[in-house]
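Below: one structure, written as structure tokens.
The values are calculated or read from the model by the stated rules, or taken from the named source; none is laboratory data. Worth saying up front: this structure is predicted, and the values here are computed from it rather than measured. Every residue, glycine as well, gets a Cβ built from its backbone with ideal geometry; the counts of neighbours run over all protein chains shown. Surface areas here come from the heavy atoms of the whole protein model, side chains and all, with no ligands, DNA or RNA. Shrake-Rupley method; radii C 1.70, N 1.55, O 1.52, S 1.80 Å.
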Amino acid sequence: MRKQFYVNGEWKSAANYADLYSPYSKEVIAQIPQATREDVEQAIDAAYKTRKQMAKLTAYERAAILEQITQLLIANREKAAKIISLESAKPIKFALGEIDRTIETYKFAAEEAKRLTGEMIPMDAAKNGANRFGYTIEQPLGVIGAITPFNFPQNLVAHKVGPAIAAGNTVVLKPASQTPLSALFLAELIDQTALPKGAFNVVTGSGKTVGDALVESDKVKMITFTGSPVVGIGIREKAGLKKVALELGSNSGLIIDKDVDLAEIIPKCVTGAFSNQGQVCISLQRAYVMDEIFDEFIEKFSSATKKLVIGSPLEETTDISAMINPAEQDRALSWVQEAVQNGAEIVTGGTIQNGVFMPTILTNVAPDLKVSCQEVFAPIVIVNRISSVDEGIAAINNSNYGLQAGIFTNNIHTAFKASKQLEVGGVMINDIPTYRVDQMPYGGVKESGIGKEGLKYAIHEMTETKLVVWNQKEE
Ligand code: NAP
């Protein structure tokens, strides 16, 4: 029950512990060590001391270690998924899906480790470049501080640990306080691999204490953060010249053109809006539907939503369970109430039943209401009527965020226009904004962040490009 954190290949106790509650059953499932600043500094020192050893590993060795992690996750698939369900209330079928993606993420990291190359520079293309031979090499940064959120406790950790190891860096990981068990389980698995001790460390505890120690340390060369904009922006402000990658929130939008096959897209919209209780950074939050099919869409979408199975995250049939904590559910409820007081209509949901926030569809929502303009991070979706695709594009762009957006249309010109005009990091044509596979470049514009994840792209963020120029003798 009482957990330890993982520093320099050893399990360490702490002076203080906090009870960890399961969000659905409300039972205490573990006691989590609360790291002090000194504990974090020890972890940073371990990672710092190991950085040269780590940098000397060959690409073959780094890939082999990542492949070992992949195999250990395959062997522990059910166990790892059950931990996610217990600590975050993610329904088990989605937790298993997350582990399958995590396995793929480490696999991609192993493959990318072998493809880490620089490039030749055509030096003699410049007037003064004759007889020079130039190329770049990608060198590891050293210690990377990784800070992760609760909503994908294995796969979003993998998006930091995988590329960090692939590039030859060492890591100090700070998981979200609600989901430390997945990170500690990963440490148990990594302990069984050939990764040098000290190259991977996990410290648990308060975001501020651990986060500040990582951000303020001169030994940490990069912070890779996934989480809310408010925390991410705070980190950037304190980080000085450290590299910072921020994967932040969004209020992702979708346009539905008049000519689409609703039977085909409704199941996707249900998944996009409600999987993991809407606690997904690219969750479908705003749908803009053409006038001609609006009523039919609302009817079919709400009838499919009402069929979702509500219950315990550990039941195989469950689609929707509790949100991460009661305070978040109350916050979401107050946002729905604000919307209703300002003219929005509830199509379905809008209540908390047996401790679960019911999947909620709202229509007629003004753009300045919180459920529209802020990140709702709950099983709530707004569906508004539009009379042109241009209106939908403008509505999606009217946002402080810009992570991903989607459009369903059969008109090639409309699709092309949307791909050019939507102000987001990724446009999904004929798909929901929630679509993601783990090797694709992924990251937002505006307040959705800076830097890209996706293995090849994250590895690039986690290396320093060094130029080498040889001055050759004239022949
Ligand atoms: P959060 O509250 O921002 O927490 C994220 C991490 O930051 C946690 O480990 C947290 O620790 C830590 N933290 C808190 N205060 C800190 C501080 N002052 N300095 C440094 N670290 C600190 O986010 P969350 O509620 O876990 O996750 C939801 C958010 O993540 C949403 O906004 C969502 O959109 C975003 N997200 C983005 C992506 C993406 O790829 N763009 C993916 C998933 C989620 P504690 O838990 O101990 O507070």
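At-a-glance table
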quantity	calculated
Options PHE200, PHE225, PHE185: the member that is within 15 Å of the ligand (Cβ to nearest atom) and aromatic (Phe, Trp, Tyr)	PHE225
Qualifying residue in the stretch 141-156 (condition: assigned to a helix (DSSP H, G or I) and within 16 Å of the ligand (Cβ to nearest atom))	yes
Within the stretch 203-222, considering residues that are near the ligand (Cβ under 9 Å from one of its atoms) and not in a loop (DSSP other than H, G, I, E, B), the one surrounded by the fewest Cβ atoms within 10 Å (Cβ to Cβ)	LYS208
Counted residues, the stretch 229-283 - those being within 11 Å of the ligand (Cβ to nearest atom), part of a helix (DSSP H, G or I) and among the aliphatic types (A, V, I, L, M)	4
Filtered residue count, the stretch 406-433, keeping only those that are within 13 Å of the ligand (Cβ to nearest atom) and either in the same structural domain as VAL161 (by TED's automatic domain parsing) or touching a Pro at 6+ places or on another chain (Cβ under 7 Å) (or both)	0
When residues of the stretch 52-95 are limited to those that are of a type in the set (A, V, I, L, M) and open to solvent by 40 Å² or more (accessible area, probe 1.4 Å), the one nearest to the chain's Cα centre (by Cα)	LEU86
Strands (runs of 3 or more DSSP E) contained in the stretch 370-440 and holding at least 3 residues touching a residue at least 24 places away in the same chain (Cβ under 8 Å) and closer than 23 Å to GLU299 by Cβ	380-386, 404-408
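A quick yes/no check of all residues on (1) within 16 Å of the ligand (Cβ to nearest atom); (2) modelled with pLDDT under 95; (3) at negative phi:
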{"residue": "PRO379", "(1), (2), (3)": "yes, no, yes"}
{"residue": "ILE382", "(1), (2), (3)": "no, no, yes"}
{"residue": "ASP390", "(1), (2), (3)": "no, no, yes"}
{"residue": "ILE396", "(1), (2), (3)": "no, no, yes"}
{"residue": "ARG436", "(1), (2), (3)": "yes, no, yes"}
{"residue": "SER448", "(1), (2), (3)": "yes, no, yes"}
{"residue": "GLN472", "(1), (2), (3)": "no, yes, yes"}
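Matching residues to (1) in the same structural domain as ALA63 (by TED's automatic domain parsing); (2) more than 24 Å from ASN325 (Cβ to Cβ); (3) in a helix (DSSP H, G or I); (4) touching a residue at least 60 places away in the same chain (Cβ under 8 Å):
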site	(1), (2), (3), (4)
GLU78	yes, yes, yes, no
SER85	yes, no, yes, yes
ALA95	yes, no, yes, yes
ASP100	yes, yes, yes, no
THR105	yes, yes, yes, yes
ALA109	yes, yes, yes, yes
GLU112	yes, yes, yes, yes
THR117	yes, yes, no, no
